[in-house]
Amino acid sequence: MNAQQALAGLWRLAELPQEALGWVRLTGSDPVYPSSFAVATAAQSTIAAAALAACELGYARGVARQHVAVDAVHAAAECLGWFSIDDRVPQLWDKFSGLYRARDGWVRIHANFQHHREGALRLLGLAPATADRHAAEQAMLAWKAQAFEDAAAQAGLVAARLRSFAQWDASEPGRAIAAQPLFTISRIGDAPPQALPALAPQQRPLEGVRVLDLTRILAGPVGGRALAAYGADVMLVNAPHLPNIEAIADTSRGKRSALVDLRTPEGAAAMDALLAGAHVFVQGYRPGALAQLGHGPEAVARRRPGIVYVSLCAYGAQGPWQDRRGFDSLVQTATGFNLAEAEAAGDAAKPLALPMQILDEATGYLIAFGAAAALLRQQREGGSWHVQLSLAQTGHWLRQLGRVAHGFAVTAPELEPFLETTASRWGALRGVGHSAQLGRTPAFWRRPSERPGDSLPRW
């Protein structure tokens, strides 16, 4: 499947006007980075979908349609997530994160957060203060892979055993994912169409749209950053007691960044005040976590009729793993990608990750796409809307794009032509510029990347 076909499929699933597809131009094709999977196609089609849907919302607001162009090499480069701060390239993986040999296979541990790292080490019988990677590797050899995955899930940790596609497809969670569409957009309440501010032809298509971004790990922040590039007023809302990864500097381009503690009456009141002026609410917390704090989709729709609520999770809204924590690297391992990529590379004994966290990145652009598509429905039909996505569903879709013959024969392209440097609250931030080229109102990030709490929680 090429990128144009993939984009058309996304467009049909969102039930958007087919004539808008005549305004997009996609250049280049896989392979771009060494992989047997169509990672550039996934990047290019989801970025194009997000940009084109934003422009279609602009058209619904009364301005003319505009052309959107996305190049495969630039899109794939953007999805690498590369950045530097003051010429320092952050180390994005903890030394305990990665694949471990078990007694009968492999297990991947995600240890970027202290509580996940310490929990995994304790599960291995090690003292977090003194353990090293070698000790962890030796301890894992005493475990069966499935037993460790089960024990980690029961303890609320994040680990996954290595599976083949056949093993994943035959499993109950695998069958549940295969039975679900890539994403859903469903009506969850009644409301009249919410008037958006008037839009001038020279304004970006999402200017005047207010987005609350309650996400922390890559997919959600990427989605919010895309919406900001198309003009949305995006407020990243962090909890003061929760950690973040260094990629927050890169994914916060164009956003305000505030701190709100929903566990306190003051924090809940601040969120309600923000919600009263918001059009989109994006959340990527553990399933059910925000609902326990009174901010699940139905509760938010009651407080703010007409809202578009976007939910992101790891393994879908249905099935036995719907409440399981997970990150891109773990989903790749659990659902078969690491083994399939290794086999294609010619060494099945050494599991191999995809060349980028494409499940996170593509899902992030699908978040922006789904939000814009749901806003279009809200403008035309009224109502409150719920968009649901997951990393595993994006992985299932990636498989459907087909495999890339001779994908490992290419050399990764130079990144330099796509890089731009901007001032930020973190220092001089160098990252990949946005790959969607809008014909009339170029996409860009007006606000410099902020640190959490740099903005007050108010519009």
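The values are calculated or read from the model by the stated rules, or taken from the named source; none is laboratory data. None of these values were measured; they are calculated from a predicted model. Positions of Cβ are backbone-derived with ideal geometry, glycine not excepted, and every protein chain shown enters the neighbour counts. Areas reflect the complete protein model, heavy atoms only, side chains present, ligands, DNA and RNA absent. Shrake-Rupley method; radii C 1.70, N 1.55, O 1.52, S 1.80 Å.
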Go through segment 361-377 and report how many residues are open to solvent by less than 10 Å² (accessible area, probe 1.4 Å) and charged (D, E, K, R).
1
Only one of 117, 101 that is part of a helix (DSSP H, G or I) and within 29 Å of residue 148 (Cβ to Cβ):
117
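Considering each residue of segment 1-46, count those that are outside any helix (DSSP H, G or I) and among the basic types (Lys, Arg), and give that number.
Going residue by residue through segment 1-46, those that are outside any helix (DSSP H, G or I) are 1-2, 14-17, 24-38.
Then drop every residue that is not among the basic types (Lys, Arg), which leaves 25.
Looking only at that region, the number is 1.
Of the residues in segment 177-235, how many are open to solvent by 40 Å² or more (accessible area, probe 1.4 Å) and among the aliphatic types (A, V, I, L, M)?
5
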Filter result (open to solvent by 60 Å² or more (accessible area, probe 1.4 Å) and more than 31 Å from the chain's Cα centre (by Cα)) within segment 97-131
103, 104, 125, 129, 130
Residue 86 on the phi > 0 side of the Ramachandran plot and either touching a helix residue (DSSP H, G or I) at 6+ places or on another chain (Cβ under 6 Å) or at pLDDT 95 or above (or both):
yes
When only residues in segment 249-287 that are outside any helix (DSSP H, G or I) and of a type in the set (Val, Ile, Thr) count, which is most open to solvent (accessible area, probe 1.4 Å)?
264
Please verify whether segment 290-311 includes one or more residues that are open to solvent by 10 Å² or more (accessible area, probe 1.4 Å) and closer than 21 Å to residue 168 by Cβ.
no
At least 2 residues that are in contact with a Phe, Trp or Tyr (Cβ under 8 Å, 6 or more places away or on another chain) in each: list the helices (runs of 4 or more DSSP H) lying fully within segment 146-248 that qualify.
172-178, 219-229
Identify all residues within segment 12-42 that are among the aromatic types (Phe, Trp, Tyr) and farther than 22 Å from residue 395 by Cα; write none if there are none.
23
Say we look at segment 86-96 and pick out the residues that are touching a residue at least 24 places away in the same chain (Cβ under 8 Å) and open to solvent by less than 100 Å² (accessible area, probe 1.4 Å); which of these is nearest to residue 425 (Cα to Cα)?
86
Odd one out for residue 71, checked against (1) within 29 Å of residue 408 (Cβ to Cβ); (2) surrounded by 24 or more Cβ atoms within 10 Å (Cβ to Cβ):
(2)
Mind listing whichever residues of segment 379-420 are more than 23 Å from the chain's Cα centre (by Cα) and of a type in the set (S, T, N, Q)?
379, 411
Can we say residue 399 is part of a helix (DSSP H, G or I) and closer than 28 Å to residue 208 by Cα?
no
Do we have residue 142 as assigned to a helix (DSSP H, G or I), open to solvent by 30 Å² or more (accessible area, probe 1.4 Å) and modelled with pLDDT of 95 or more here?
no
Pick from segment 324-352, criterion among the aliphatic types (A, V, I, L, M) and free of Cβ contacts under 8 Å to residues at least 12 places away in the same chain, ranking: least open to solvent (accessible area, probe 1.4 Å):
342
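Yes/no matrix, rows are residues, columns are (1) touching a residue at least 40 places away in the same chain (Cβ under 8 Å); (2) touching a Gly at 6+ places or on another chain (Cβ under 7 Å):
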| position | (1), (2) |
| --- | --- |
| 105 | yes, no |
| 108 | yes, yes |
| 111 | no, no |
| 118 | no, no |
| 127 | no, no |
| 138 | no, no |
| 149 | yes, no |
| 155 | no, yes |
| 158 | yes, yes |
Which residues, taken from segment 437-455, are under 16 Å from residue 203 (Cα atoms) and either open to solvent by less than 60 Å² (accessible area, probe 1.4 Å) or assigned to a strand (DSSP E or B) (or both)?
437, 438, 441, 443, 445
Pull up segment 319-374, narrow it to residues that are of a type in the set (Phe, Trp, Tyr) and closer than 23 Å to residue 157 by Cα, then point me to the one that is modelled with the lowest pLDDT.
327
